[in-house]
Amino acid sequence: MNRLALIVVLLAAAAMIVGCGPVITIVNNTQFPVRAIVSSGGRSEVLSPSPGESSSAEVSEGPYRVTVVPDAEWISYAKAVRQYLNDQLAHADKLTGPQLLDVIRRLKEIAVQMQQYEQAAGSSSACGGKVSSDTDGYVEINTAPNGALVVVCK
C-alpha cells in the first residue's frame with residue numbers, strides 16, 4: 001500500500017511540475033485585433049488578443065519570440081459592420097434621433113479603427129526575451145504614430 005501511495009504522490013508532483021511553466025502575457029493596446037505567434041522551445045502558439053485585452057501562453061523555459069500581425073479576418077468583419085450601419089443611415093427616416101446619433105457615432109468609431117488597421121496592414125513586428133521558472137514574460141503591442149505595429153518584450 002505504501003508503494004502505491006508513493007507512486008500516486010510522484011505522479012501528482014510530476015503533473016504539477018509539468019503544468020507550471022513560465023507564462024507570457026500579451027497585451028493588445030491597439031484599436032484592432034491582432035494575431036500574436038509565440039515561439040518557444042521548438043513549438044509555436046497563436047494568440048488573438050482583442051483591443052484593450054490580453055492573452056497568455058504557457059511556454060518552455062529559455063528564449064522566446066513573439067511576432068505580431070494585424071488580424072486579417074477582422075477587416076472583413078469591420079467592412080460588414082460599416083455596410084450594415086450605412087444601410088441604416090440610408091433609411092434614416094425610420095430611426096429616432098438617438099438611434100440616428102448612435103449609428104453616426106458607430107460609423108465614426110469603425111472608420112477610425114479601419115484606418116488604424118489599414119496603416120498597420122502588411123506590417124509585422126517582433127520581439128524576444130527569456131523566461132525561467134521564476135520569471136514570466138510580458139509583451140505590449142502598440143501602434144506607432146505612422147501606424148506601424150510596435151511590439152515590446154519586457
Let me spell it out: the conditions are (1) within 17 Å of N28 (Cβ to Cβ); (2) surrounded by 17 or more Cβ atoms within 10 Å (Cβ to Cβ), and A72 meets all of them except one. Which number is the exception? (2)
Within the bounds of the range 78-93, is there any residue that is in contact (Cβ under 8 Å) with a residue 24 or more places away in the chain and among the β-branched types (V, I, T)? yes
Hey, L89 in contact with a helix residue (DSSP H, G or I) (Cβ under 7 Å, 6 or more places away or on another chain) and not in a strand (DSSP E or B) or not: yes
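Can you tell me which residue within the range 118-152, out of those that are among the hydroxyl-bearing types (S, T, Y) and over 14 Å from the mean Cα position of the chain (by Cα), is surrounded by the most Cβ atoms within 10 Å (Cβ to Cβ)? Can you show your working first?
As a first pass, look at the range 118-152 and keep what is among the hydroxyl-bearing types (S, T, Y): 123-125, 132-133, 135, 138, 143.
From what's left, over 14 Å from the mean Cα position of the chain (by Cα): 123, 132-133, 135.
Numbers: S123: 16, S132: 11, S133: 10, T135: 11.
Taking the candidates together, the pick is S123.
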Single unsatisfied condition, A92 versus (1) more than 30 Å from V150 (Cα to Cα); (2) surrounded by 13 or more Cβ atoms within 10 Å (Cβ to Cβ): (2)
Of all residues in the range 52-70, how many are in contact (Cβ under 8 Å) with a residue 40 or more places away in the chain and either within 14 Å of I141 (Cβ to Cβ) or outside any loop (DSSP other than H, G, I, E, B) (or both)? 9
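Please tell me if Y138 is under 19 Å from L47 (Cα atoms) and either among the hydroxyl-bearing types (S, T, Y) or in a helix (DSSP H, G or I) (or both). Spell out how you get there, then give the answer.
Details: under 19 Å from L47 (Cα atoms): yes; either among the hydroxyl-bearing types (S, T, Y) or in a helix (DSSP H, G or I) (or both): yes.
In short, yes.
Name the residue, out of P145, P98, P49, that is in a loop (DSSP other than H, G, I, E, B) and more than 13 Å from I24 (Cβ to Cβ). Don't jump to the end; show me each part of the working.
On the way: P98 fails: in a loop (DSSP other than H, G, I, E, B); P49 fails: more than 13 Å from I24 (Cβ to Cβ).
Only one candidate passes the filter, namely P145.
The numbers here are math on the coordinates, done by the rules we state, and not lab data. Note that the structure is predicted; figures quoted are calculated from it, not measured. With ideal geometry, Cβ positions are generated from the backbone for all residues, glycine too; neighbour counts draw on all protein chains shown.
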